[in-house]
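K.L.:
This is the structure, below, for whatever I ask next.
The values are calculated or read from the model by the stated rules, or taken from the named source; none is laboratory data. Computed from a predicted structure; not experimentally measured. Positions of Cβ are generated from backbone atoms using ideal geometry, with glycine treated the same way; all protein chains shown enter the neighbour counts.
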């Protein structure tokens, strides 16, 4: 089944408004979705005969910066038995009104492997995955301030009394020793 066939199946099931764009020259090609239909489209891709995207290879979070005001989440999916590979992309507003963090629905009910991917994106970019069963920091301490992969992240001076600022002089000294 070709990429165009997969796109057509999504359009037939969810309508043309469910897809906001396509990046066919990417590898794998990307289908840009409306965020509110993410879970339904993922479930369809996972459960439909001839598609069966059984493997969530990766979830990637991207901060487009404060100027753009958006963040992207990209899901790389594989169908092992049918040898298909695609990516799905959703865009969220960086700082949503009446919400402390941008939010995207969790895909854990479809692919259990999404668990740590979603936790890492939450931890480092501050994107909240609604209905995630255990959304907490995975790499940083629970009381860390901010989200280090955001383009406007301000590094804290200390953590529990220990200096955490990285200085270029320290790098130069380490290279000379």
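K.L.:
Please pick out the residue among 137, 173 that is outside any helix (DSSP H, G or I) and either on the phi < 0 side of the Ramachandran plot or at pLDDT 95 or above (or both).
P.N.:
Selected residue: 137, the only one of 137, 173 that is outside any helix (DSSP H, G or I) and either on the phi < 0 side of the Ramachandran plot or at pLDDT 95 or above (or both).
K.L.:
Tell me, please, whether a residue that is within 29 Å of residue 153 (Cα to Cα) and touching a residue at least 12 places away in the same chain (Cβ under 8 Å) can be found in segment 79-88.
P.N.:
Among the residues of segment 79-88, at least one is within 29 Å of residue 153 (Cα to Cα) and touching a residue at least 12 places away in the same chain (Cβ under 8 Å), which makes the answer yes.
K.L.:
Hey, among the residues in segment 108-118 that are touching a strand residue (DSSP E or B) at 6+ places or on another chain (Cβ under 7 Å) and part of a loop (DSSP other than H, G, I, E, B), which one's surrounded by the fewest Cβ atoms within 10 Å (Cβ to Cβ)? Spell out the reasoning first.
P.N.:
Taking segment 108-118 as the starting set, the residues that turn out to be touching a strand residue (DSSP E or B) at 6+ places or on another chain (Cβ under 7 Å) are 111, 113-114, 117-118.
Adding the requirement that they be part of a loop (DSSP other than H, G, I, E, B) leaves 111, 113.
On the way: 111: 20, 113: 14.
The extreme case among them is 113.
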